[in-house]
Ligand code: 6CS
Ligand code: FE
């Protein structure tokens, strides 16, 4: 029996067992399973975009690519001015697209900025960024999710270790590992102010999580994620196998990281904000299906399920 959700999507009942089309089951079992990735990492080739064979090889092996100065100082300044304007707008902070830091009340994240801001819409269509995403994903790409993580000085809290794909598969219905995040530094990402930490190569492993997804989980998980995060033993094993790296750089640095690479970032206790824009490019061949957890889909401002218009045509 299926019921209709408010989104008009047939909500399959929450199963004690994974759905038949679930190739990456997670949060169903009391045991953790670490299995090999089933999907390719690279979908494009050296002659299909700006990345060289050696850059593609590095991404294949490590699951990320870091660029020191991909965007101009003027482009970055325009984005920084924009996110600071959004940050100071009380109506923005009161909107459902804003995530507030537990405790301090500071603005933690702002979602769907590629639709609410003309400046960030242009950024999401930037030919340099879209060209790299198209090459990595081997197809036209659209924005699955965009956000600003402000991580302000002194009170910007951590993002615990996780695989984005695990959440996007379970809670949003992303079928395959064919998406890539692009983190654009609007302020310096130093070793001290909570830079993105990645386990290079961990994208080759699917780490299932234990603990069923609560209803409306995003209202908690985007503030502090406790469900859909790997257990200590799995994280210890991944660090032994892959280590940890933290790509740092000045404002304008850009890090592309594969949707399944294990990552996180520490709290920022320095005065220096670590404000980044994150654009998630998904292949137009990987559009969302009903969430594999069986719950109603998350809101469209977190996971695009309506408009798959490819970016980059500007
Ligand atoms: O749930 C999500 O979609 C968000 N959560 C994290 C910790 N990273 C990806 C994304 O912003
Ligand atoms: Fe993440």
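The values are calculated or read from the model by the stated rules, or taken from the named source; none is laboratory data. The structure displayed is predicted, hence computed values, not measured ones. Using ideal geometry, Cβ is built from the backbone for each residue, glycine included, and neighbour counts are taken over all protein chains shown.
Tabulated data for the structure shown
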read-out: Qualifying residue in segment 86-93 (condition: more than 16 Å from ligand 2 (Cβ to nearest atom), without any contact (Cβ under 8 Å) to a residue 40 or more places away in the chain and part of a loop (DSSP other than H, G, I, E, B)); value: yes
read-out: Selection status of residue 168, in a helix (DSSP H, G or I), within 13 Å of ligand 2 (Cβ to nearest atom) and in contact (Cβ under 8 Å) with a residue 60 or more places away in the chain; value: yes
read-out: Qualifying residue in segment 228-244 (condition: under 15 Å from the mean Cα position of the chain (by Cα), modelled with pLDDT under 95, within 12 Å of ligand 1 (Cβ to nearest atom) and crowded, with 18+ Cβ neighbours inside 10 Å); value: yes
read-out: Matching residues, segment 187-207, being surrounded by fewer than 23 Cβ atoms within 10 Å (Cβ to Cβ) and part of a loop (DSSP other than H, G, I, E, B); value: 187, 188, 190, 191, 192, 200, 201
read-out: Hits in segment 129-164 - residues which are in a loop (DSSP other than H, G, I, E, B) and either within 26 Å of residue 204 (Cβ to Cβ) or within 16 Å of ligand 2 (Cβ to nearest atom) (or both); value: 138, 139, 140, 150, 151, 157, 158, 163
read-out: Some residue of segment 270-285 being surrounded by fewer than 22 Cβ atoms within 10 Å (Cβ to Cβ), within 14 Å of ligand 2 (Cβ to nearest atom) and either under 22 Å from residue 24 (Cβ atoms) or within 19 Å of the chain's Cα centre (by Cα) (or both); value: yes
read-out: Pair list, Cβ under 6 Å, 6 or more apart: segment 135-149 residue over 15 Å from residue 304 (Cα atoms) and in contact (Cβ under 8 Å) with a residue 60 or more places away in the chain, other residue within 16 Å of ligand 2 (Cβ to nearest atom) and assigned to a strand (DSSP E or B); value: 136/180; 148/110; 148/277; 149/109; 149/276
read-out: Residues satisfying the stated conditions in segment 257-269, i.e. assigned to a loop (DSSP other than H, G, I, E, B) and within 16 Å of ligand 2 (Cβ to nearest atom); value: 259, 260, 261, 262, 266, 267
read-out: Boolean, residue 195 is modelled with pLDDT of 95 or more, more than 12 Å from ligand 1 (Cβ to nearest atom) and touching a strand residue (DSSP E or B) at 6+ places or on another chain (Cβ under 9 Å); value: yes
read-out: Residue match in segment 225-237 (condition: touching a helix residue (DSSP H, G or I) at 6+ places or on another chain (Cβ under 9 Å) and away from ligand 2 (no atom under 16 Å from the Cβ)); value: no
read-out: Matching residues in segment 103-138 - criterion: being crowded, with 17+ Cβ neighbours inside 10 Å and at positive phi; value: 112, 138
read-out: The lone exception for residue 260 - which of (1) out of contact with any helix residue (DSSP H, G or I) (no Cβ under 7 Å at 6 or more places or on another chain); (2) under 20 Å from residue 161 (Cβ atoms) it fails; value: (1)
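Table: residues versus (1) over 21 Å from residue 139 (Cβ atoms); (2) at pLDDT below 95.
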site: 6; (1), (2): yes, yes
site: 12; (1), (2): yes, yes
site: 20; (1), (2): yes, no
site: 53; (1), (2): no, no
